[in-house]
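Worksheet: the structure to be examined is printed underneath.
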Amino acid sequence: MQIGIVSGGVVGTPTCGSVSRPSFYTRVGTYYDWVQKSIANVPGSAVVEPDFIADDRTDMCNPNSSGVSHTNCDFRENSSSGGTIGTGLLSLFALGWLRRKQK
């Protein structure tokens, strides 16, 4: 059962009911009828991302850009991140730690 939601605070972790650190608290039960009515209705149209998010993603990518450039499309949303190098370094670190532990 959920009674309330702490939705914000000054700095750091929000603490509900703190005298020294104010936060924002909502008693969920107050809005129970509204929540039930809202989740029962299917949205009239599909939920899409705002234009400014889509524009930010596409404006920076220039398909004619080559080499090392912040507008090079090949560098955007690429899943390859040099994982082999990281794995190799982690392996070397582990071997060094094991060797030192055996001495």
* So between Ser65 and Val28, what do we pick up on full extension, going 0.36 nm a residue minus the alpha carbon distance? -> 8.2 nm
* **Separation of the Leu92 and Ile39 label points, Cα + 7 Å toward Cβ, nm** => 5.2
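Read-outs throughout are calculated quantities, based only on the coordinates presented, and are distinct from any laboratory measurement. What you see is a predicted model, and the numbers here were worked out from it, not measured in a lab. Here the Cβ is made from the backbone with ideal geometry for all residues, glycine too, and neighbour counts use every protein chain on show.
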